[in-house]
Every structure is written in C-alpha cells, then in structure tokens.
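The values are calculated or read from the model by the stated rules, or taken from the named source; none is laboratory data. In this text the structure is predicted, and so the values were computed from the model without any measurement. Using ideal geometry, Cβ is built from the backbone for each residue, glycine included, and neighbour counts are taken over all protein chains shown. For the accessible areas, the whole protein counts, side chains as well, though only heavy atoms, and no ligand, DNA or RNA atoms are used. Shrake-Rupley method; radii C 1.70, N 1.55, O 1.52, S 1.80 Å.
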Amino acid sequence: MAKRKGRDQVNWFDAEREREQTQLTQLIKKLRRAMEHKELILYYQPKVDMKRCQVVGVEALLRWQKADGTLVPPGDFLPHIEQHPFSIEVGDFVIEQALTQMEAWRKAGLKLPVSVNVSALQLLDQRFVEALVTHLRNHPKVEPADFEIEILESAAIGKINEAAKVIERCKALGVSVSLDDFGTGYAALDYLKRLPAQTLKIDQSFVRDMQGDDTDMTIVKGIMGLADAFGFNVIAEGVETPEQGRLLVALGCDIGQGYGIARPMPATDVHDWVSNWNCPSDWQFHG
Ligand code: C2E
Ligand code: MG
Ligand code: MG
Ligand code: MG
C-alpha cells in the first residue's frame, strides 16, 4: 500500500512538472510574440533629489501592454521566466529599448540618466558585458555615465566573486550599478565591501512603515549608516507621501523615488513631467 502511494505521488509530481513546463513554454511563446508586436514596453519612474528639488534620473520598468489595452505588471510574468534563458533575451531587449529612448530624449534636448533592472541570470551570463558594450556602441549619443543597472541585493548571493567581477567591468565602461531592494536580501556585510556598486536602494517596505514602526526606522537609519561607512550613495524607494520625503532628507537620504513623487509613466510623458515638476512646498529645505 505504502509503495503504491509512493508511485502515485511520483506520477502526480511528473504530471505537475509537465503541466508547469507546458505553461512556461506557452508563456514564452506569448512573450516572444508580444516582443515582436511591440507589446513589451518600458515605463519610466522619476528619481528626484528631494533636498535640492531636482530630477536626477528615471528607472525603466517593464510592462506588457496587451492588444486589448490591459497593462500587465512585470511581477505577473518575469518571475515565471527568471530561470529560463529566454529571460536573458528579454533583459537584452530592455537595455536596447532604454538606450534607444535615451537617445531620442537626447535629440529632444533632454539628458536624463536611466537605470534598468537586470536579473541575476542576466548579470551572470557570460555574454552580459559584451552585449552591454555592443549596445552602448550602437547608441553613441548616450553617455555610459548616464546609464545604470539595478541588481537585486540577493542576485549576488552565492556568486559574490562572479558578480563583483561583472560589476567591476560595468564600472570600467562608465556604467554605474545599484543594489535594488536593499535590506531584504540578507547579504552579509562582507558583500558590501566586495561589491563595487555605487548605490543602495532602500527597499520600499522599510520606507512605507518607518513612521509607525521603530524597527523599520532603525533599519533605514542602519542602511544610511552603512552607506556612509562604505561610501555608497543611497536612494529611498516607495516614497508615497511628502512627510516620508521630509523625514528621509532629515535622515540624510536626499534622493527618493515613489508614487508620492510620480508613478511610472509612458516614455511620451516623461519630458513634460521633467519640465513641469515642482517639488512639494513643504520640501523647501534651503540646504
Ligand atoms: P523594483 O526594481 O524594485 O521597482 C520598483 C517597483 O515598485 C515598481 O514596480 C514600481 O512601480 C513600484 N513602486 C514605485 N514607487 C512605489 C510606491 O511609492 N509604492 C509602491 N507600493 N510601489 C512603488 P513594478 O514596475 O511592478 O516592478 C516590480 C519589479 O519587477 C521591479 O522592482 C523589478 O525588480 C522587476 N522589474 C521591472 N522591470 C524589470 C526589467 O526590465 N527587468 C527585470 N529583470 N526586472 C524588472
Ligand atoms: Mg529597480
Ligand atoms: Mg526596488
Ligand atoms: Mg522590488
């Protein structure tokens, strides 16, 4: 009886695995088609220097805009493909799109730093830096110093030496690197010493609750202290209210990004937004 049950369970696992495989294959097919039909697009979310009231750049965020108008967020499809080589193609496409957009903005008189998210698989892929060099060469109007990649703090875990080498090579190209969702990846402090990234992005979960939750406030302060000690820039994600912005500036975190400043927007809206943005009146820090 026990044996029988075991075999049934194996069969069930096999069937389940097969079903997942089929779903993945279908999703990849759909995404490939979406890419060809220009349904995979980038939205851009501003990052601002809250202290000086200046726009300092934008982050490119992937969206799947279906023919019927629905906008699918990346969390609904990227996690399913993140272990599959196809995700590297998507990542490559994102870099190409972002550089093309930067060049278009440049032509229109807007010089705007742009960051893109890079997955662990993409970052550690042998051809990553080579591909980046080619993309930059194809877009000579873009200054590499205006281009940045964001990697999850957790992306480097277990592969610290490899990740450090890639980051070093990006740096040599003039491209900067930030550690995204910082504080959630359980990276050892030793990582910070070894990863030649420039910026820590404080995860939005800490920013969201820092006013009501002493622990989150302590974490935000702790990250600020680490950044200071190790020489990183910091940026706060998930700034949803002017009060949060004010508090962050008081803590020494000048750069912020979040719905309270601007939601991610289509590329066509960015130029106007940048030209018209005024910081909230209670952010007049005069510093
Ligand atoms: P992320 O890189 O940490 O990006 C920030 C996410 O938080 C974005 O979600 C953004 O819309 C959202 N956000 C920004 N401000 C606020 C706020 O004030 N409150 C709240 N609640 N959320 C805010 P989005 O666009 O859905 O992206 C989710 C994640 O998907 C990104 O997190 C990033 O890890 C990943 N992702 C997005 N685009 C790409 C891409 O092109 N390649 C890769 N590999 N990953 C991507
Ligand atoms: Mg990011
Ligand atoms: Mg983040
Ligand atoms: Mg995130």
Of all residues making up the stretch 218-237, the number that are of a type in the set (Asp, Glu) and under 14 Å from LEU251 (Cβ atoms) | 1
Evaluation of ARG137 against (1) closer than 17 Å to MET35 by Cβ; (2) free of Cβ contacts under 8 Å to residues at least 12 places away in the same chain (one fails), failing number = (1)
Would you call GLU153 acidic (Asp, Glu), touching a strand residue (DSSP E or B) at 6+ places or on another chain (Cβ under 7 Å) and within 16 Å of ligand 3 (Cβ to nearest atom)?
-> yes
Hits in the stretch 192-217 (condition: open to solvent by 30 Å² or more (accessible area, probe 1.4 Å) and closer than 22 Å to VAL118 by Cα) = LYS193, ARG194, GLN198, GLN204, SER205
Of the numbered conditions (1) closer than 20 Å to ILE235 by Cα; (2) touching a Lys or Arg at 6+ places or on another chain (Cβ under 9 Å), GLY185 fails exactly one; give the number of that condition.
-> (2)
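Residues are listed down the side, and each one gets a yes or a no for (1) modelled with pLDDT of 95 or more; (2) within 12 Å of ligand 3 (Cβ to nearest atom):
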{"position": "SER176", "(1), (2)": "yes, no"}
{"position": "GLY183", "(1), (2)": "no, yes"}
{"position": "ALA188", "(1), (2)": "no, no"}
{"position": "GLN204", "(1), (2)": "yes, yes"}
{"position": "ASP209", "(1), (2)": "no, no"}
{"position": "ASP213", "(1), (2)": "no, no"}
{"position": "LYS221", "(1), (2)": "yes, no"}
In this structure, is VAL94 open to solvent by less than 30 Å² (accessible area, probe 1.4 Å), more than 16 Å from ligand 4 (Cβ to nearest atom) and in contact with a strand residue (DSSP E or B) (Cβ under 8 Å, 6 or more places away or on another chain)?
-> no
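Enumerate the helices (runs of 4 or more DSSP H) found wholly within the stretch 204-261, keeping only those where 3 or more residues are among the acidic types (Asp, Glu).
Filter on the stretch 204-261 gives 214-230.
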Taking the stretch 106-124 and keeping residues of a type in the set (A, V, I, L, M, F, W, C), open to solvent by less than 10 Å² (accessible area, probe 1.4 Å) and under 21 Å from GLN54 (Cα atoms) leaves VAL114, VAL116
Every listed condition ((1) within 16 Å of ligand 4 (Cβ to nearest atom); (2) open to solvent by 20 Å² or more (accessible area, probe 1.4 Å); (3) closer than 26 Å to GLY109 by Cα) holds for GLY258 save (2)
Selection over the stretch 146-176 where residues are touching a helix residue (DSSP H, G or I) at 6+ places or on another chain (Cβ under 6 Å), away from ligand 4 (no atom under 16 Å from the Cβ) and open to solvent by less than 10 Å² (accessible area, probe 1.4 Å) yields a count of 2
Considering residues that are open to solvent by 40 Å² or more (accessible area, probe 1.4 Å) and more than 16 Å from ligand 4 (Cβ to nearest atom), the number found within the stretch 227-252 is 13
May I ask you to verify whether ARG263 is more than 21 Å from ILE149 (Cα to Cα) and within 16 Å of ligand 4 (Cβ to nearest atom)?
-> no
Quick one: how many residues across the stretch 35-56 are of a type in the set (A, V, I, L, M), farther than 20 Å from ASP254 by Cα and crowded, with 20+ Cβ neighbours inside 10 Å?
-> 2
Total residues in the stretch 135-159, condition within 28 Å of ASP203 (Cα to Cα) and assigned to a helix (DSSP H, G or I) = 7
